[in-house]
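The values are calculated or read from the model by the stated rules, or taken from the named source; none is laboratory data. Being a predicted model, the structure only gives us computed values, none of them experimental. Every residue, glycine as well, gets a Cβ built from its backbone with ideal geometry; the counts of neighbours run over all protein chains shown. For accessibility, only protein heavy atoms count, side chains too; no ligands or nucleic acids. Shrake-Rupley method; radii C 1.70, N 1.55, O 1.52, S 1.80 Å.
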Amino acid sequence: MLEVIDEIGIHGGELTSHERIANNVYRVTYKGATNVEIILNYGDASIEVDGNIIAAKSYLYNKNNSGWRA
């Protein structure tokens with residue numbers, strides 16, 4: 001898991017937003033040397049957010065506005 005966190009680049013960033021967007025679904029934003037937006041799905045079913053499908057118990061991230069990745 002640490003490798004994933006390193007790849008996403010949230011170390012050293014500041015958590016600037018934590019928003020509940022649906023039941024068990026959250027959007028968090030980190031700003032710093034790397035700007036990262038993460039949508040986390042803690043639910044048991046897939047969900048669509050902003051045109052993106054997020055699998056159950058999964059997440060998508062967008063690093064420096066380079067597009068969404070799993």
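For the range 11-54, what are the residues that are in contact (Cβ under 8 Å) with a residue 12 or more places away in the chain, small (Gly, Ala, Ser) and either out of contact with any Phe, Trp or Tyr (no Cβ under 9 Å at 6 or more places or on another chain) or not in a strand (DSSP E or B) (or both)?
Narrowing the range 11-54 to residues in contact (Cβ under 8 Å) with a residue 12 or more places away in the chain: 12-17, 21-44, 47, 49, 52, 54.
From what is left, the residues that are small (Gly, Ala, Ser) are 12-13, 17, 22, 32-33, 43.
Within the range 11-54, 12, 13, 22, 32, 33, 43 meet the criteria.
For residue 43, indicate whether it is open to solvent by less than 40 Å² (accessible area, probe 1.4 Å) and out of contact with any Lys or Arg (no Cβ under 6 Å at 6 or more places or on another chain). Explain how you work it out, then say what you get.
Working: open to solvent by less than 40 Å² (accessible area, probe 1.4 Å): yes; out of contact with any Lys or Arg (no Cβ under 6 Å at 6 or more places or on another chain): yes.
Against the criterion (open to solvent by less than 40 Å² (accessible area, probe 1.4 Å) and out of contact with any Lys or Arg (no Cβ under 6 Å at 6 or more places or on another chain)), residue 43 qualifies.
When residues of the range 1-16 are filtered for being of a type in the set (Gly, Ala, Ser) and either modelled with pLDDT under 75 or closer than 15 Å to residue 59 by Cβ (or both), how many remain? Quick ask: steps written out before the conclusion?
We begin by selecting, within the range 1-16, every residue of a type in the set (Gly, Ala, Ser); these are 9, 12-13.
With either modelled with pLDDT under 75 or closer than 15 Å to residue 59 by Cβ (or both) added as a condition, the list becomes 9.
Matching residues across the range 1-16 total 1.
Right, residue 41: at pLDDT 95 or above, more than 15 Å from residue 69 (Cβ to Cβ) and out of contact with any His (no Cβ under 8 Å at 6 or more places or on another chain) or not?
no
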